1. For segment 87-105, how many residues meet the condition of being out of contact with any strand residue (DSSP E or B) (no Cβ under 7 Å at 6 or more places or on another chain), part of a helix (DSSP H, G or I) and touching a residue at least 40 places away in the same chain (Cβ under 8 Å)?
2. If the requirement is being assigned to a strand (DSSP E or B), within 24 Å of residue 144 (Cα to Cα) and either touching a strand residue (DSSP E or B) at 6+ places or on another chain (Cβ under 6 Å) or at pLDDT below 90 (or both), which of these qualifies: 73, 108?
3. Regarding segment 176-184, can at least one residue be identified that is under 18 Å from the mean Cα position of the chain (by Cα), closer than 22 Å to residue 63 by Cβ and exposed (fewer than 15 other Cβ atoms within 10 Å of the Cβ)?
4. Just to be sure I understand, how many residues within segment 153-163 are surrounded by 19 or more Cβ atoms within 10 Å (Cβ to Cβ) and out of contact with any helix residue (DSSP H, G or I) (no Cβ under 9 Å at 6 or more places or on another chain)?
5. I want to confirm something. Restricting to segment 238-266 and keeping residues that are under 20 Å from residue 199 (Cα atoms) and at pLDDT below 75, which single residue is nearest to the chain's Cα centre (by Cα)?
6. Go through segment 125-138 and report how many residues are surrounded by fewer than 17 Cβ atoms within 10 Å (Cβ to Cβ) and touching a strand residue (DSSP E or B) at 6+ places or on another chain (Cβ under 9 Å).
7. Keeping to segment 156-180, report how many residues are closer than 25 Å to residue 43 by Cα and either free of Cβ contacts under 8 Å to residues at least 24 places away in the same chain or not in a loop (DSSP other than H, G, I, E, B) (or both).
8. Please specify each residue of segment 19-57 satisfying the condition of being more than 15 Å from residue 200 (Cα to Cα) and either over 21 Å from the mean Cα position of the chain (by Cα) or not in a loop (DSSP other than H, G, I, E, B) (or both).
């Protein structure tokens, strides 16, 4: 198969890379890159996926990154008390910082394993899907966050429409996602780690992310390069070798992500 229709514009896309059991396509109209798996199976976010947090042993680096996000949110949302919904909360790294700031929040995730980790750490978390929540809840949120989540969604348009429904007037939507136009992607091509993560389905540039936001009903937003994150060496090695490893604490150094590796979208729900 050498072409598929683009998820966003339904125009023809061309094959860019063939990687093991998946193909990477590019839409020539809106620059959206997306994957098509040979077996077309859904990824399981099970115990194996959550065996190690990216920030293990590195609380200071995690805290700085997420505290900066909270500080930015506070400067943007001036309409009263913050009430934050974190979508795809995973290990609860952002929820922990929200707790420390004594903010109202709810974390949601479709993974039973993720919710169990969060609840074990006494974090406010629920196992549910955002689309389902938007249909069943009358609660409105001043802020909704998607930290490294939309690349995992097979139907991102429906999720962002659900987020808009749950946002208050002038509420803030904050999204981070890998940058498909990063220099490392150009350098590594089909060997880029983001393409080789089976749970990733869409790969965004500023142009394609802008298109997605507009199609979701948002018109007021800014997209720029996100600040680097720091992962533990232990986590990176486990992802590379696909098995549990044990790096001594004194060697488990903070490894910065690509300086141009992630995008950040700040959206105001006008």
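The values are calculated or read from the model by the stated rules, or taken from the named source; none is laboratory data. Owing to the predicted nature of the structure, the values given are computational and were not obtained by experimental measurement. Backbone-built Cβ (ideal geometry, glycine too); neighbour counts: all protein chains shown.
1. 1
2. When all the criteria are applied, what remains is 108.
3. We begin by selecting, within segment 176-184, every residue under 18 Å from the mean Cα position of the chain (by Cα); these are 176-182.
Within this subset, residues satisfying the condition of being closer than 22 Å to residue 63 by Cβ are 176-177.
Now drop any that are not exposed (fewer than 15 other Cβ atoms within 10 Å of the Cβ), which leaves none.
Scanning segment 176-184 turns up no residue that is under 18 Å from the mean Cα position of the chain (by Cα), closer than 22 Å to residue 63 by Cβ and exposed (fewer than 15 other Cβ atoms within 10 Å of the Cβ).
4. Number of matching residues: 0.
5. So, considering only residues that are under 20 Å from residue 199 (Cα atoms) and at pLDDT below 75, the one nearest to the chain's Cα centre (by Cα) is 239.
6. Here the count works out to 4.
7. 14
8. Here is the first cut: in segment 19-57, the ones more than 15 Å from residue 200 (Cα to Cα) are 27-31, 46-48, 50-57.
Those that are more than 15 Å from residue 200 (Cα to Cα) and either over 21 Å from the mean Cα position of the chain (by Cα) or not in a loop (DSSP other than H, G, I, E, B) (or both): 27, 28, 29, 57.
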